[in-house]
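Structure, as structure tokens:
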Amino acid sequence: MSATQVLIVGAGPTGLVLALRLAHHGIPFRIIEKNSGAGQASRAMAVQARTLEFYQQLGFADQVVARGIKMKAVHLREGGDEVAKFSLQEMGESLSPFPFMLCFPQDDHERFLVEKLTALGVNIEWNVELKEFAQDDEQVRAVLVKDGTEEICEAAYICGCDGAHSRVRQGLGIEFVGGTYDQIFGSSDLLVK
């Protein structure tokens, strides 16, 4: 059996949190990412209570909350006019120790999780892409590519944390159920004084 118990493909929030959980339990793994580092722009903006509960198990929920902004309300606007508003002040009260939605942009979130893994001595393998993989009764055999050089990685498990265009999901013949929105959404990183 290979020393790599789990091959994690993708170092976005899902892959990073999986890596933190495996490290917490002492399970040997490798984490690869085809990009050169954590995200550089905001994408997903909110962290839900259940995610914070998982982070509490790992001992850093309060640090995440301190870096984010507790959302108080959502304002819906159309043509510059507010058409609806709903409060998030008591969302999940008595159900969670984190009864709120936290605004914590994905790029900041990823960098935070990378810092946590780095502090544990985990090496995220950036610029490494999964080319293909095959599974038999005993292991997964993956072909990884870095700088044009191929490497074989054998692991007991492969975890596809590589997003909507997942090479793992494609290799398993699993469709991505979802689509795109007709509406235009905007996201900005602003400092308001």
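Of the residues Pro105, Pro99, the single one that is closer than 27 Å to Gln48 by Cα and touching a Lys or Arg at 6+ places or on another chain (Cβ under 8 Å) is Pro105. Tally time: how many residues in region 124-157 are out of contact with any strand residue (DSSP E or B) (no Cβ under 8 Å at 6 or more places or on another chain), within 19 Å of Ala3 (Cα to Cα) and without any contact (Cβ under 8 Å) to a residue 24 or more places away in the chain? So the answer is 2. For region 169-192, the count of residues that are aromatic (Phe, Trp, Tyr), farther than 30 Å from Gly79 by Cα and more than 18 Å from the chain's Cα centre (by Cα) is zero. Only one entry in Leu52, Leu20, Leu58, Leu16 is exposed (fewer than 15 other Cβ atoms within 10 Å of the Cβ), touching a helix residue (DSSP H, G or I) at 6+ places or on another chain (Cβ under 9 Å), modelled with pLDDT of 95 or more and not acidic (Asp, Glu), namely Leu58.
Apart from one condition, Ile8 fits all of (1) in contact with a strand residue (DSSP E or B) (Cβ under 9 Å, 6 or more places away or on another chain); (2) in the same structural domain as Ala164 (by TED's automatic domain parsing); (3) not in a strand (DSSP E or B); the exception is (3). For region 137-189, name all the residues that are in a loop (DSSP other than H, G, I, E, B) and among the hydrophobic types (A, V, I, L, M, F, W, C). Selection gives Ala156, Cys161, Ala164, Ile174, Phe176, Val177, Ile184, Phe185. Residues that are part of a strand (DSSP E or B) and surrounded by fewer than 14 Cβ atoms within 10 Å (Cβ to Cβ): does region 113-133 have at least one? Yes, there is a match, as at least one residue in region 113-133 is part of a strand (DSSP E or B) and surrounded by fewer than 14 Cβ atoms within 10 Å (Cβ to Cβ).
If a residue has to be closer than 17 Å to Ala119 by Cα and either loosely packed, with under 14 Cβ neighbours inside 10 Å or without any contact (Cβ under 8 Å) to a residue 12 or more places away in the chain (or both) to count, how many in region 1-13 make the cut? Looking only at that region, the number is 0.
Is it true that Arg43 is surrounded by 13 or more Cβ atoms within 10 Å (Cβ to Cβ) and at pLDDT below 95?
Numbers: surrounded by 13 or more Cβ atoms within 10 Å (Cβ to Cβ): yes; at pLDDT below 95: yes.
Answer is yes for this residue.
Scanning region 11-38 for residues that are part of a loop (DSSP other than H, G, I, E, B) and either outside the structural domain of Phe112 (by TED's automatic domain parsing) or of a type in the set (A, V, I, L, M) (or both) turns up Ala11, Ile27, Ala38.
Restricting attention to region 70-112, the residues that are surrounded by 18 or more Cβ atoms within 10 Å (Cβ to Cβ) and part of a loop (DSSP other than H, G, I, E, B) add up to 4.
The values are calculated or read from the model by the stated rules, or taken from the named source; none is laboratory data. Note that the coordinates shown come from a computational prediction; the quantities given were computed from them, not determined experimentally. With ideal geometry, Cβ positions are generated from the backbone for all residues, glycine too; neighbour counts draw on all protein chains shown.
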